[in-house]
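Accompanying notes for the structure given below.
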Amino acid sequence: MTLFVAPPAAGDSIEEILEEYPSLSTREDIYACLQFATKLMANHYEIRKVA
């Protein structure tokens, strides 16, 4: 997901993203990924080193 979220932030167009990520076949796929990323970013995550 991290790789996908970076290109839109860099200004890539939907068409450029579709070319770079052929597994995303439609605009709706991209919007679904962006919605998912938005929901993830709304949560607080903490990474702790264990051992």
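The values are calculated or read from the model by the stated rules, or taken from the named source; none is laboratory data. Note that the structure is predicted; figures quoted are calculated from it, not measured. These accessible areas exclude ligands, DNA and RNA; they are computed on the full protein's heavy atoms, side chains included. Shrake-Rupley method; radii C 1.70, N 1.55, O 1.52, S 1.80 Å.
Identify all residues within region 1-33 that are under 10 Å from the mean Cα position of the chain (by Cα) and modelled with pLDDT of 80 or more; write none if there are none.
The answer is Ile30, Tyr31, Ala32, Cys33.
Does Leu18 satisfy the condition of being of a type in the set (A, V, I, L, M, F, W, C), in a loop (DSSP other than H, G, I, E, B) and open to solvent by less than 90 Å² (accessible area, probe 1.4 Å)?
Working: of a type in the set (A, V, I, L, M, F, W, C): yes; in a loop (DSSP other than H, G, I, E, B): no; open to solvent by less than 90 Å² (accessible area, probe 1.4 Å): yes.
In short, no.
Residues of region 21-44 being of a type in the set (A, V, I, L, M, F, W, C) and part of a helix (DSSP H, G or I), which ones? So that I can check it myself, show each step before the final result.
First pass over region 21-44, keeping only residues of a type in the set (A, V, I, L, M, F, W, C): 24, 30, 32-34, 36-37, 40-42.
Listed by number, the residues that qualify are Ile30, Ala32, Cys33, Leu34, Phe36, Ala37, Leu40, Met41, Ala42.
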